[in-house]
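Before any comments, here is the structure.
Bear in mind that the values in this text are calculations on the coordinates, not laboratory data. All values reported here derive from a predicted model rather than from experimental measurement. Neighbour counts are summed over all protein chains in view; Cβ atoms, including those assigned to glycine, are modelled from backbone coordinates with ideal geometry.
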Amino acid sequence: MNVTRAVIRSTGHYLPERVVPNAEFAKTLDTSDDWIVSRSGIERRHFAAEDEFTSDLAIKAARAALDNAGLAPEDIDAVIVATSTPDFTFPAVATQVQAGLGMHKGFAFDIQAVCAGFVFALANATGLIMAGQAKRVLVIGAETFSRIMDWTDRGTCVLFGDGAGAVILEAQTGTGANTDRGVLASDLNSDGRYRDLLYVDGGVSRTGTSGVLRMQGREVFRHAVEKLAATACTALDRAGLQATDVDWVVPHQANLRIIRGTAQKLGLSMDKVVVTVQDHGNTSAASIPLALSVANAEGRFKQGDLIVTEAIGGGLSWGAVILRW
Ligand code: UT7
């Protein structure tokens, strides 16, 4: 039986030039490189320049993905940007990307599911492709979290970074078996009872300001390992697969201890896990496409590899996508 599959045709990423090592924070805050590394695994992060915006990062990542696929902007039917730090309240960053690339057709919209945004975007883009609404979708995660930091809060400002990653998802014909290339299954969840654990304290309707990030880190941590392992297992089960079939985990990069704990719960060794948190910090919706693109550029994935992506963030919202490279 022929089915339409959404296959990753290419990846691309962009990181702002400015690299900020942990030691920078120790100049103004009661913190240390030791604390940040031992509690989070983060060693450095990139911050966007003053005149560099989320759409700029997204456009650069998108151009890299197009170049790597040998495709032109007119070959793309839809652009989805996962972001919680848009340039403007509206229009969507995705329309700015569209204009920046010189695309005059198709459709473009943003998805806001905070750190789970890219997983939500990937699942939605797959739905569009399987429904025949689009043949090629540019799916981007792009963030400038440095713009929503409280620089006096050592519990949050040392953790986040800026960046963008992109993938081109393309309709290809599969057999319907879980040996097909492409997205095989996904699992998406939200539970708004936990909305106060991680949020931004401003917004258009409430305050008329953009606000700054607030997080009860220990509480989010408590939910993370359990929910991430559970969503990965649910998605694997939907694909008729199990953890022993997995070649790579490309997790949301928030905290090395969460990444290790989740791998352990899944019974997977760390040499199957792509880790970039040391270099990027937590880039929210950009973290998974950044990690995918960096690992792909290093030639780590081979055709047929089974990849699990999983993420959790504000909402709480969490989910996993299972795909074959
Ligand atoms: O991407 C969205 C999802 N977000 C996450 O997944 C983040 C989840 N949470 C975490 O990653 C961790 O909870 C953190 C890295 C945020 C914190 O690690 P923790 O081991 O949970 O530390 P904690 O919050 O329990 O704080 C331990 C101590 C506290 O001091 P007391 O109360 O024990 O005296 C904090 O005040 O560490 C203190 N602390 C710091 N000390 C030095 C908090 N931040 C810092 C800091 N430098 N930057």
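Before moving on, here are some points about what is shown:
- Restricting the stretch 1-107 to chymotrypsin sites (Phe, Trp or Tyr not before Pro) that sit in a DSSP loop and have at most 11 other Cβ atoms within 10 Å of their own Cβ leaves F88.
- Amide H contacts of A82: I111, I140, G141, A142, each under 5 Å away and 5 or more positions distant or on a separate chain (H built 1.01 Å from N in the peptide plane; Pro and chain starts excluded).
- Take the Cβ atoms of T175 and F90, set R0 to 35 Å, and the FRET efficiency comes out at 0.25.
- For V249, residues with placed amide H under 5 Å, excluding near neighbours: V273, V274, V308
- Residues in the stretch 258-268 carry Karplus couplings, in order, of 5, 4, 5, x, 5, 4, 4, 4, 7, x, 10 Hz; the curve used is 6.51 cos²θ - 1.76 cosθ + 1.60 with θ = phi - 60°, and Gly or Pro positions show x.
- Relative contact order computed over the chain (Cα-Cα under 8 Å; 6+ residues apart), in percent: 26 percent
- Integer Hz, Karplus 6.51/-1.76/1.60 couplings in order for the stretch 270-285, x for Gly and Pro: 5, 6, 9, 10, 7, 10, 10, 4, 4, 9, 10, x, 8, 9, 6, 5
- Fully extended contour minus Cα-Cα distance, from D201 to T244, at 0.36 nm per residue: 11.3 nm
- A simple rule links phi to the HN-Hα coupling: the Karplus curve 6.51 cos²θ - 1.76 cosθ + 1.60 with θ = phi - 60°, which for the stretch 143-151 gives 8, 10, 5, 4, 7, 10, 8, 8, 6 Hz, with x for Gly and Pro.
- Along the axis of the charge dipole computed for the chain (Cβ charges of +1 for Lys and Arg, -1 for Asp and Glu, origin at the Cα centre), the listed residues P73, F25, T11 are led at the positive end by T11.
- When each of K60/K302; K27/K265; K60/K135; K27/K227 is checked by Cα-Cα distance, pairs over 30 Å: K27/K265; K27/K227
- Taking 0.36 nm per residue of sequence separation and removing the Cα-Cα distance, the A23/R193 pair yields an extension gain of 57.6 nm.
- Residue with peak Gaussian network fluctuation, the chain [Cα springs, cutoff 10 Å], from A99, A185, A235: A99
- Of the trypsin sites (Lys or Arg not before Pro) found in the stretch 239-325, those that fall in a DSSP loop while having at most 11 other beta-carbon atoms within 10 Å are K302.
- Of the beta bridges in the chain, as assigned by DSSP with both residues counted there, near 75 percent are antiparallel.
- Choice from G41, G299, G102 showing the highest fluctuation, given a GNM over the chain with Cα pairs closer than 10 Å: G299
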